[in-house]
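Report on one structure; see the data block that follows.
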Amino acid sequence: MSLTKLQQDVQPRPVAPSMTREERQAALRSALTKLAGTGVFADIADVVAWQRAERADRPLPGRE
């Protein structure tokens, strides 16, 4: 599944003030489970190297 397709499928929902902590946790758990099931990051062999490469692309705020 492409990241674009995933973004279309998993749209953020506004958090209703009436939601309890448990309801918010359940909603987050469901979203993360759905994300994990897509395998969107399965092609990343070395996550540490990937993260370093991603962070190297932009300067950190206040550290230019």
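Read the figures in this text as sums done on the coordinates, not as results from a lab. Since the model is a prediction, treat every value here as computed from it, not as a measurement. Reconstructed Cβ throughout: ideal geometry from the backbone, glycine too, with neighbour counts over all protein chains shown.
A few remarks follow.
- Distance in nm between pseudo-label sites at Ala42 and Arg24 (7 Å out along the Cβ direction from Cα): 3.3
- 3J(HN,Hα) couplings calculated from phi for the stretch 32-43 with the Karplus curve 6.51 cos²θ - 1.76 cosθ + 1.60 (θ = phi - 60°) are, in sequence order, 5, 5, 5, 4, 4, x, 7, x, 4, 10, 5, 7 Hz; Gly and Pro show x.
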